[in-house]
1. Would you mind finding the one in A:39, A:115, A:55, A:79 that is at the interface with chain B (Cβ under 9 Å from one of its Cβ atoms) and crowded, with 20+ Cβ neighbours inside 10 Å?
2. Among the listed residues B:45, B:30, identify the single one that is in contact (Cβ under 8 Å) with a residue 24 or more places away in the chain and out of contact with any helix residue (DSSP H, G or I) (no Cβ under 8 Å at 6 or more places or on another chain).
3. Before we move on, is residue B:7 surrounded by 12 or more Cβ atoms within 10 Å (Cβ to Cβ), modelled with pLDDT of 95 or more and assigned to a helix (DSSP H, G or I)?
4. Looking at the structure I just gave you, is residue A:146 in contact (Cβ under 8 Å) with a residue 24 or more places away in the chain and facing chain B (nearest Cβ under 10 Å)?
5. For residue A:29, only one of the following conditions fails: (1) touching a Cys at 6+ places or on another chain (Cβ under 9 Å); (2) within 9 Å of DNA strand C (Cβ to nearest atom). What is its number?
6. Looking at segment A:25-48 only, could you name the residues that are more than 11 Å from DNA strand D (Cβ to nearest atom) and of a type outside the set (A, V, I, L, M, F, W, C)?
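The values are calculated or read from the model by the stated rules, or taken from the named source; none is laboratory data. Predicted model only: the values in this text are computed from it and were never measured. Ideal geometry is used to build each Cβ from the backbone, glycine not excepted, and the neighbour counts take in all protein chains shown.
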Number of protein chains: 2
Amino acid sequence: MKPSTCQKNCQNALRVADQLCQGRGVRLTPQRRQVLEILCDHHKPMGAYDILDLLKSELPAAKPPTVYRALEFLLEQGLVHRLESLNAYVSCIHPEHPHASQFLICRDCGEVRELESRSVDRTLDSALKACGFAADSQVIEVTGRCLRCTERDPS
Amino acid sequence: MKPSTCQKNCQNALRVADQLCQGRGVRLTPQRRQVLEILCDHHKPMGAYDILDLLKSELPAAKPPTVYRALEFLLEQGLVHRLESLNAYVSCIHPEHPHASQFLICRDCGEVRELESRSVDRTLDSALKACGFAADSQVIEVTGRCLRCTERDPS
DNA sequence: AATTGTTATGTTATCACATAACATAACAAA
DNA sequence: TTTGTTATGTTATGTGATAACATAACAATT
């Protein structure tokens, strides 16, 4: 994807976020929007303190709680995801519909892809049902090499 | 499970660990064994510093690296698992054969169960294959309420 | 038994991630 | 304009993990 296209996607993602929040009657304040923008611009997993460093260039008074509060809001609204195995955060590709999170994390290029496999979802659900476990959240994170990196350097 | 039975299982788990390590030509040193014993005794997710506190009663000089080194070894040998969504560690039920980790974590009683669903495994594998992703590790962690807790208090 | 390479442990300091607690400010509804 | 609520500012600290370097234990030789 060309930089210009990516820029465009980011702008678009922010517009979608604006609309979603407006529709839900919640406030995407400037700080929250800035944090989301940072995550959208990179679209790589970023640690809270990485975000903080970038945020400081726009908001020098920013401190850890500033970032964590924004992240808390964005997570609640499904606009970003948390990657448990990296202690990191990434913006959501399509926040307009909720989905169980399934992530493929490339250890070479750092790209994070959302798998969204309905069949994985269904299979896991039925396994949970079979043993009487009432799930309220699930984490699926696979680390490895993405197709592009494998093709670039098949080793 | 009665305490006596649990005790027995713990002793058994340690013996199995001894044998596995001997067979592999690696050393289950006293420190490593003590950490494993602590995890087996509880068989709940425990943080590294929880383990450290208990370890100190036997080994007062223990410090964070003491625990983390033991955990590193035990993880390598498949004797314990790390729960990414809790930053915690738990002893493995059957270390004798390797398996992709799939955990059910009860938020009420804290029990951790290994799901080991072959169908989930297969479904995920084929989804990964379909998009050309070469996995080298995977995390599946489901948080919710176990059957026992649901039956005890259906709310 | 002495040498030597390797693996394990001891020790200090510090990094990285996250939140508690309390004060102030902005907002929105009456 | 008051009042309740939500958001932000600020300080400090809690929690999880590792870097870096020194020493000790072990195991395989000669």
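1. Values: A:39 fails: at the interface with chain B (Cβ under 9 Å from one of its Cβ atoms); A:55 fails: at the interface with chain B (Cβ under 9 Å from one of its Cβ atoms); A:79 fails: at the interface with chain B (Cβ under 9 Å from one of its Cβ atoms).
Answer to the check: A:115.
2. Values: B:30 fails: in contact (Cβ under 8 Å) with a residue 24 or more places away in the chain.
Answer to the selection: B:45.
3. For residue B:7, the condition - surrounded by 12 or more Cβ atoms within 10 Å (Cβ to Cβ), modelled with pLDDT of 95 or more and assigned to a helix (DSSP H, G or I) - is not met.
4. Details: in contact (Cβ under 8 Å) with a residue 24 or more places away in the chain: yes; facing chain B (nearest Cβ under 10 Å): yes.
It is true that residue A:146 is in contact (Cβ under 8 Å) with a residue 24 or more places away in the chain and facing chain B (nearest Cβ under 10 Å).
5. (1)
6. Step one: list which residues in segment A:25-48 are more than 11 Å from DNA strand D (Cβ to nearest atom), which gives A:36-47.
A:37, A:41, A:42, A:43, A:44, A:45, A:47, listed by residue number.
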